[in-house]
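Q: One structure coming up, written as structure tokens, with questions to follow.
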Amino acid sequence: MADAEKGSATTGSKESNVKEEISLKDKGNEFFKAGNYLKAAALYTQAIKLDPSNPTLYSNRAAAFLQLVKLNKALADAETTIKLNPQWEKGYFRKGCVLEGMERYDDALATFQIALQHNPQSTEVSRKIKRISQLARDKKRAQEVQSMRSNVDMAKHLETLKSEMFEKLGSEECFKDMFSFLVETMETAVKSWHEASKVDPRVYFLLDKEKTQTDKYAPVVNIDKAFESPHSHSNCFSFLRQYADDSFSKAACLVVPKNVISYPQVWKGQGSRKWKYGQHDGFFVQYESHFMRKIWFIASTNEKGQTLCRDPEVLDIGAHEVLPRLFKEKLPNP
């Protein structure tokens, strides 16, 4: 008799716990819908204490933790949901949402694929798969853009020029100095553009270490006023040509943003002078020496919220020179 009463009391206690657990879950759901995720999570926790093997409670608490950006706790609850009911797609859905919040898009995609296997008719899961696939592509491209911004390597774009320089100069030491000077100037300009979306209009000179009076001649000259009018352009050119001669410079590099050029507007005109690079912002790099003249345009685009310089495009210097020849032409070594 005593045993029967004891059993009856236990059954009543279990029923009471189930009712209390259901009540706590329902209250938690109400707070969740109202946006009070902290209170909802607390109520789900109380319900879990009464029914620790109920996967729905862990799933609900995972959703609340996700809204509170407690991602590690949310992931743990999602994992527990799956463990308690491996056939229920909701556990995988919760886990996928948490992994999305962690920006672990590849893992999230794989998890949503499992959810879809358990419920192929779920439009909610299908939408998530589509969204995560796009996010994964965007993240990969953003990483590629950041890598290109961080790893600027102009030398690889100038391989053909390297051979041409060597043929014309003959001297390996002289060729290496000039090539390194050009590469470093270009890379400095690209990095500046990546950081601030601008470069200052300047001419960089490769001075002669033995002949140049370094106290009198600086390796950099600002030319920000050079493109305001034909008169200022002509005066600047005359000054720079004399400067190159007096300073015994071996070479020079002009770096000029496209948007400051009023004269000459090198991207306008007809025929061979016609500009082929649209409305892209960017800058010119013009290389000058006794033996060689070259000009490039480096276009700039905005991709994934970041400024990115495109590969340098070789232009016809006869049609697009920013300034006329700075050095007297010399024939290459025989």
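Q: With respect to D215, is the statement that it is without any contact (Cβ under 8 Å) to a residue 60 or more places away in the chain, of a type outside the set (F, W, Y) and closer than 20 Å to S300 by Cβ true?
A: No: the conditions fail for D215.
Q: Got a number for residues in the range 101-139 being among the basic types (K, R), within 22 Å of A64 (Cβ to Cβ) and surrounded by fewer than 14 Cβ atoms within 10 Å (Cβ to Cβ)?
A: Matching residues across the range 101-139 total 1.
Q: Further question on the same structure: So which residues in the range 286-313 are in contact with a strand residue (DSSP E or B) (Cβ under 6 Å, 6 or more places away or on another chain), open to solvent by 60 Å² or more (accessible area, probe 1.4 Å) and in a strand (DSSP E or B), if there are any at all?
A: E313, the sole residue that qualifies.
Q: Oh, and also: Of the numbered conditions (1) assigned to a helix (DSSP H, G or I); (2) open to solvent by 60 Å² or more (accessible area, probe 1.4 Å), C236 fails exactly one; give the number of that condition.
A: Of (1) assigned to a helix (DSSP H, G or I); (2) open to solvent by 60 Å² or more (accessible area, probe 1.4 Å), only one is false for C236: (2).
Q: What is the one condition in (1) open to solvent by less than 50 Å² (accessible area, probe 1.4 Å); (2) modelled with pLDDT of 90 or more; (3) in contact with a strand residue (DSSP E or B) (Cβ under 8 Å, 6 or more places away or on another chain) that R202 does not satisfy?
A: The one condition R202 does not meet is (1).
Q: Return the pair list, or none, for Cβ contacts closer than 8 Å from residues in the range 82-102 that are closer than 14 Å to N60 by Cα to residues that are of a type in the set (D, E) and open to solvent by less than 50 Å² (accessible area, probe 1.4 Å), at least 6 apart or on different chains.
A: The qualifying pairs are R94/D77.
Q: How many residues does the range 182-199 contain that are out of contact with any Cys (no Cβ under 7 Å at 6 or more places or on another chain), in contact (Cβ under 8 Å) with a residue 60 or more places away in the chain and open to solvent by less than 40 Å² (accessible area, probe 1.4 Å)?
A: Result for the range 182-199: 3.
Q: Further question: Looking at S249, is it assigned to a loop (DSSP other than H, G, I, E, B), polar (S, T, N, Q) and either in contact with a helix residue (DSSP H, G or I) (Cβ under 9 Å, 6 or more places away or on another chain) or farther than 13 Å from P201 by Cα (or both)?
A: In short, yes.
Q: Exactly one of (1) free of Cβ contacts under 8 Å to residues at least 60 places away in the same chain; (2) open to solvent by 50 Å² or more (accessible area, probe 1.4 Å); (3) charged (D, E, K, R) is unmet by D177. Its number?
A: Going through (1) free of Cβ contacts under 8 Å to residues at least 60 places away in the same chain; (2) open to solvent by 50 Å² or more (accessible area, probe 1.4 Å); (3) charged (D, E, K, R) one by one, D177 breaks only (1).
Q: Among the residues of the range 256-285 satisfying the criterion of being open to solvent by 40 Å² or more (accessible area, probe 1.4 Å) and touching a strand residue (DSSP E or B) at 6+ places or on another chain (Cβ under 7 Å), which is modelled with the lowest pLDDT?
A: The extreme case among them is Y277.
Q: Looking at (1) in a loop (DSSP other than H, G, I, E, B); (2) free of Cβ contacts under 8 Å to residues at least 12 places away in the same chain; (3) over 22 Å from L38 (Cβ atoms), which one does P52 not meet, given that it meets all the others?
A: Just one mismatch for P52, condition (3).
Q: Of the numbered conditions (1) in a loop (DSSP other than H, G, I, E, B); (2) more than 13 Å from T307 (Cα to Cα), K198 satisfies every one except a single condition; which is it?
A: Of the numbered conditions (1) in a loop (DSSP other than H, G, I, E, B); (2) more than 13 Å from T307 (Cα to Cα), the odd one out for K198 is (2).
Q: Hey, can you tell me all the residues within the range 133-159 that are of a type in the set (V, I, T) and at pLDDT 80 or above?
A: The one that is of a type in the set (V, I, T) and at pLDDT 80 or above: V152.
The values are calculated or read from the model by the stated rules, or taken from the named source; none is laboratory data. Fair warning: this is a prediction, and the values are worked out from it, not measured in the lab. A quick note on method: Cβ atoms are made from the backbone with ideal geometry, for glycine too, and the neighbour counts reach across all protein chains shown. Note: accessible area is taken over every heavy atom of the protein model, side chains too, but ligands, DNA and RNA are not part of it. Shrake-Rupley method; radii C 1.70, N 1.55, O 1.52, S 1.80 Å.
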